[in-house]
Amino acid sequence: MRYLPILLLLIFYTCQTYTPWKSEWKQKDGSEVFYAAVSAKASAQAIESGSLAMRRTTCVNATNLLSTSPKLTSILLENESVELSETEIKDLGRLIAAHKIKPKQDSCQSEEGGFFLSSPAWENCQCIYIIEYPGGRSQFRQDITQVK
């Protein structure tokens, strides 16, 4: 019984820890792939409903909508710290679209820690999408050079 307060404190602390994922290139199965971190928010209706399942579903669905080509182009460019003109970004977007890249959702997490009562969990979330860019990072850099 004397350890109960410590145990409760530990559970409360671990429920509130959140570490955001970052977008980056990594090696996977011998090739270089890009892991894109996409953040989104649950629908207002889901938040008002108080339903955890509805918040999670609408938040994850929102990341799916944001994982489209224009958003992924901006995430890829942000990772490379490259600034392009609006025309160059459109040209790069067309190059990326020509590769017919299909981002694959890897995993998702709530951006808030859970609380025991009235949890804000899944009001905001972050998902990781794996992008298998043909030729990896070096080809992406060549594509950037091509549109400049």
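The values are calculated or read from the model by the stated rules, or taken from the named source; none is laboratory data. Model, not experiment: these values are computed from the prediction. Note that each Cβ is placed from the backbone with ideal geometry, even for glycine, and that neighbours are counted across all protein chains shown.
Pairing each residue of the range 131-148 that is without any contact (Cβ under 8 Å) to a residue 60 or more places away in the chain and part of a loop (DSSP other than H, G, I, E, B) with any residue that is surrounded by 15 or more Cβ atoms within 10 Å (Cβ to Cβ) and not polar (S, T, N, Q), provided the two are 6+ apart or on different chains, yields C-beta distances under 7 Å for 134/99.
Select, from 132, 112, the only residue that is within 22 Å of residue 22 (Cβ to Cβ), touching a Pro at 6+ places or on another chain (Cβ under 8 Å), surrounded by 14 or more Cβ atoms within 10 Å (Cβ to Cβ) and of a type in the set (D, E, K, R).
112
I want to confirm something. Restricting to the range 1-20 and keeping residues that are exposed (fewer than 10 other Cβ atoms within 10 Å of the Cβ) and part of a helix (DSSP H, G or I), which single residue is modelled with the lowest pLDDT? Restricting to residues being exposed (fewer than 10 other Cβ atoms within 10 Å of the Cβ) and part of a helix (DSSP H, G or I), the top hit is 7. Looking across 83, 111, 123, one residue alone is over 15 Å from residue 36 (Cα atoms) and touching a Lys or Arg at 6+ places or on another chain (Cβ under 7 Å). It is 123.
In the set (1) at pLDDT 90 or above; (2) surrounded by 15 or more Cβ atoms within 10 Å (Cβ to Cβ), the condition left unmet by residue 146 is number (2).
Being among the β-branched types (Val, Ile, Thr), farther than 21 Å from residue 22 by Cα, at pLDDT 95 or above and surrounded by fewer than 16 Cβ atoms within 10 Å (Cβ to Cβ) is not true of residue 87. In the set 96, 89, 75, only one residue is touching a strand residue (DSSP E or B) at 6+ places or on another chain (Cβ under 8 Å) and either at negative phi or not acidic (Asp, Glu) (or both); that residue is 75.
Looking only at residues in the range 37-62 that are part of a helix (DSSP H, G or I) and touching a Ser or Thr at 6+ places or on another chain (Cβ under 7 Å), the one that is surrounded by the fewest Cβ atoms within 10 Å (Cβ to Cβ) is 52. Could you tell me whether residue 125 is at pLDDT 95 or above, crowded, with 16+ Cβ neighbours inside 10 Å, more than 14 Å from residue 24 (Cα to Cα) and out of contact with any Asp or Glu (no Cβ under 8 Å at 6 or more places or on another chain)? Against the criterion (at pLDDT 95 or above, crowded, with 16+ Cβ neighbours inside 10 Å, more than 14 Å from residue 24 (Cα to Cα) and out of contact with any Asp or Glu (no Cβ under 8 Å at 6 or more places or on another chain)), residue 125 does not qualify.
Looking at 69, 23, 39, which is the one that is closer than 23 Å to residue 129 by Cα and modelled with pLDDT under 90? The match here is 69. Restricting 80, 32 to those that are under 17 Å from the mean Cα position of the chain (by Cα), closer than 26 Å to residue 146 by Cβ and acidic (Asp, Glu) reduces the list to 80.
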